There are 4 protein chains.
Amino acid sequence: MAAAEEGSGPPEGQVGVSETDRVKAFSDGVFAIVITLLVLELRVPDYREGGLLTGLRHEGASYLAFVVSFGYIGVIWLNHHALLRLVRGTTLALNWINLAILFGAVIIPFPTAVLASAFSEGDSADQRAAVAFYAIAAALMSAPWLAFFSYLHRHPTLRAREVGPEYVRSQRVRPITGLILYGLSGLLGWFVDPVVGLIGIIVMIIYHAVTSEGFRAGPLGRLFPRGG
Amino acid sequence: MAAAEEGSGPPEGQVGVSETDRVKAFSDGVFAIVITLLVLELRVPDYREGGLLTGLRHEGASYLAFVVSFGYIGVIWLNHHALLRLVRGTTLALNWINLAILFGAVIIPFPTAVLASAFSEGDSADQRAAVAFYAIAAALMSAPWLAFFSYLHRHPTLRAREVGPEYVRSQRVRPITGLILYGLSGLLGWFVDPVVGLIGIIVMIIYHAVTSEGFRAGPLGRLFPRGG
Amino acid sequence: MAAAEEGSGPPEGQVGVSETDRVKAFSDGVFAIVITLLVLELRVPDYREGGLLTGLRHEGASYLAFVVSFGYIGVIWLNHHALLRLVRGTTLALNWINLAILFGAVIIPFPTAVLASAFSEGDSADQRAAVAFYAIAAALMSAPWLAFFSYLHRHPTLRAREVGPEYVRSQRVRPITGLILYGLSGLLGWFVDPVVGLIGIIVMIIYHAVTSEGFRAGPLGRLFPRGG
Amino acid sequence: MAAAEEGSGPPEGQVGVSETDRVKAFSDGVFAIVITLLVLELRVPDYREGGLLTGLRHEGASYLAFVVSFGYIGVIWLNHHALLRLVRGTTLALNWINLAILFGAVIIPFPTAVLASAFSEGDSADQRAAVAFYAIAAALMSAPWLAFFSYLHRHPTLRAREVGPEYVRSQRVRPITGLILYGLSGLLGWFVDPVVGLIGIIVMIIYHAVTSEGFRAGPLGRLFPRGG
């Protein structure tokens, strides 16, 4: 079939392979809802007449938390956007891996709220627990991304045409880095100092923001001859 | 028209038949919202200074319920994804059947919450009522799936090109199994023991997860010569 | 351009005309959210040990209201689905009309809740007010549908290829019927008896369900030679 | 590649450029959710028997706020719809700019609620603070729109085929107007009179509604020879 030869559609000849359209639509829906539900946390502060400005200033920390959460889910969406560009079709296994990735995105607001609560209201023990909780959640969130790259590496027919096998393999470095460094941040936060663990977590979010399109800009980018 | 001959579009020559694009978009939106709204149930526990870790541990059961609900709705989405791949066009009747399927997906969080409430706070009578309530809801949810397969079997022109009539007919076994075994689980839960009924329900969720792509992997899979 | 001649894309040669893809995606998102948010109203009843079944039975009326609201929004989605199949492109004016249609869909849960409240807790005066409120809202909701058909009738180049001018004109009967009969139901509910008004409203919902695909099945269907 | 020459797809030859499909789907999801969540604010008023009509009348102001918010988010969606029609592909930078635009749309309900609160419950100092807060938020919301037009002007290969460079440059006037006049409205509201600032804000919303499709209707429209 001509369409299949052009590589724009899924490889129809394989049993159990289907288009990625609905996976994208479903995933985009989930991301859109998670990022928008954050706004429900923004509330007009209680105030007496003349005290609105003071009330708004007092809420500054929760507004900052809103901005950070919005940015973090945005980063995950960008990573997911780049991820699905690597495949030309999906399978039941990939759909399950994708559901696990979405699970990680959906729960983010929860460990974030735990973290915010511990640093605004808790003591040092609470902060250690919250940093470790966040780091465990973030480390586990990396696992399905690793599974995605590994599965794609083992099933080359699912790869989009212009994506080389070396590129897929090299991308596994990113979730492995996440697993190890988030885990390390959790250990540091629990046994050494919660602030040290928190810094590790923030560094990791920035890492994922910078590498959302893969390692293309760096030396490994040469392995991805997209533009031919 | 060439496009119709290639089977990529809907069969334009039939009155009342339209593309499935919007049905997919609408359904994906509903699934995405249901699966994401679950996260609203996750709340930072109330705790005194130093008690965050204990508080988080205490909520373990509700976290488990969140994971199970997320997985169950994921399973239904996967089933729905496979379902709509069987059709090349939709009609008003199929749209109503699809609305009934979505209705079943949307209400899941409710009988789940009733079940969780009965087993954490209720007595044996409550648990019997909750298991029966859940089982009745789940059995009724199977009905529109049966209607979908039966309708598609009676309207062969709506079938996607590569789907054979035998395949569609054989798939009716799945919702019929659901109707009978969920009903049986409800009866067992009500008259014998709520835990027995609960085990029946869990077995059925696993059954739907395993067969989400149809019976392709088993002996019946030979009836579905997709890859030709 | 070949694509334009085939009529599958928008008429690119006209200034201000664009594809309907995003209008559909946005509308489907709005419908999916409204229909799913209804489930937030379903709550596990408060009960003492052993009282769950009684509690669930007591909530029967609110479960019925949920089913009716789900069905009504489903009907509007089906009408909207059929509506956008009539056009091959959209303009700024059509986008505004579509926003007004969505506005009507989004607010439905509100007059419905007012109605349910008046009949479960209010007296005769409240019921009269609620029926009149609902009927006014429903009558106003018909206005943008009328505007849609009238606009489409005046801009024949926006019509999908297989849709005839007579068909578009004849469809105006549906929103005009809605405006008049909803208005009449409101007057009957206010001046005569709220139950009479309520019956009028229910009849109108069934009317919109039956005619969601247009008058195709009836004698007017001959004006729509789609499959011709 | 033929597809690339026809300009319907993204410029595949460029590293880091991808289709806009998912950006549109994600953005439409976010807009759909924001506009629908507004309805959660509509509540059946508390009333004693016979007092429903009075209760509904009393809530008139909050219903008006709902209509205005719905319209404003509709205006932003229309602007965004027209914005993405200017591009044929997206990049990581454009995705970040788009996230910033969505951020602005998502938070709108919050400064709106602050404004409504200040004018219904606060004193003159609160109203000054609320108007300034709203104006600062609105002015900052204009910034990513300016960044979008500037980026697109510097990267002509991302422009849709029928969009001329002059058109993109001229559109920068719109967000610059927003930045300056919203800022001015905030200053007027803070230092002169909150009502004067409020009028400035309302004028700006109407300005964005009227210019949502660009300056096409005016003399600058000649710079946008879309229909060839």
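The values are calculated or read from the model by the stated rules, or taken from the named source; none is laboratory data. On a predicted model such as this, the values are computed, not experimentally measured, just so you know. Here the Cβ is made from the backbone with ideal geometry for all residues, glycine too, and neighbour counts use every protein chain on show. These area figures cover heavy atoms from the full protein model, side chains too; ligands, DNA and RNA do not enter into them. Shrake-Rupley method; radii C 1.70, N 1.55, O 1.52, S 1.80 Å.
Quick rundown of the values:
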quantity	calculated
Cα gyration tensor category, rounded, prolate or oblate, for the protein assembly as shown with a/c compared to 1.5	rounded
C-alpha long axis of helix B:21-37 to longest principal axis of chain B, angle in °	10
Sorted largest first, extent of the stretch D:68-121 alpha carbons per principal axis (Å)	48, 19, 9
Degrees, to the nearest 10: B:109-121 long Cα axis against longest axis of chain B	20
Shape call, chain A: gyration tensor on alpha carbons, a/c limit 1.5	prolate
Chain C - mean residue ellipticity at 222 nm from DSSP helices (-39,500 (n - 2.57) per run, n ≥ 4, rounded to 500)	-22500 deg cm²/dmol
Phi-based couplings in Hz for the stretch A:154-171 (Karplus 6.51, -1.76, 1.60; Gly and Pro marked x)	7, 10, x, 5, 7, 5, 4, 3, 8, 9, x, x, 5, 4, 4, 4, 5, 5
Shielded by partner chains, the stretch B:43-64 residues - at least 10 Å² of accessible area, 1.4 Å probe, vs chain alone	B:43, B:44, B:47, B:49, B:50, B:52, B:53, B:56, B:63
The stretch D:14-223, accessible area per residue, ligands and nucleic acids excluded (1.4 Å, Å²)	40
Cleavage-rule hits (GluC sites (Glu not before Pro)) in the stretch A:106-177: DSSP loop, at most 16 neighbouring Cβ within 10 angstrom	A:162
Relative contact order (percent, whole number), chain B, Cα cutoff 8 Å, 6+ residue spacing	22
For the pair B and A, total buried accessible area rounded to nearest 100 Å², probe 1.4 Å	3400
R0 of 56 Å, Cβ-Cβ distance residue A:195-residue C:184: FRET efficiency to nearest 0.05	0.20
Per-residue ³J(HN,Hα) for the stretch A:194-200, Karplus 6.51 cos²θ - 1.76 cosθ + 1.60, θ = phi - 60°, Hz, x for Gly and Pro	x, 5, 4, x, 4, 4, x
Lys, Arg +1 and Asp, Glu -1 on Cβ, resulting dipole of the stretch B:17-223 about Cα centre, debye, nearest 20	1000
Carbon plus sulfur fraction of accessible area for the stretch C:15-223, probe 1.4 Å, in percent	66
Phi-based couplings in Hz for the stretch D:73-80 (Karplus 6.51, -1.76, 1.60; Gly and Pro marked x)	5, x, 4, 5, 4, 4, 4, 5
Nearest-ten-degree value, helix B:173-187 long axis tilted from longest Cα axis of chain B	20
Selected from B:111, B:165, B:45 as most flexible by GNM, with chain B as the system and alpha-carbon contacts under 10 Å	B:45
Solvent-accessible surface ranking, highest first, for C:56, D:181 at 1.4 angstrom	D:181, C:56
Calculated FRET value between residue B:176 and residue A:125, using beta carbons and R₀ = 60 Å, to 0.05	0.60
Nonlocal amide H pairs with residue D:88, under 5 Å, H built at 1.01 Å	D:159, D:160
Under-5 Å amide H pairs with residue D:50, H placed in peptide plane, nonlocal only	C:123, C:126
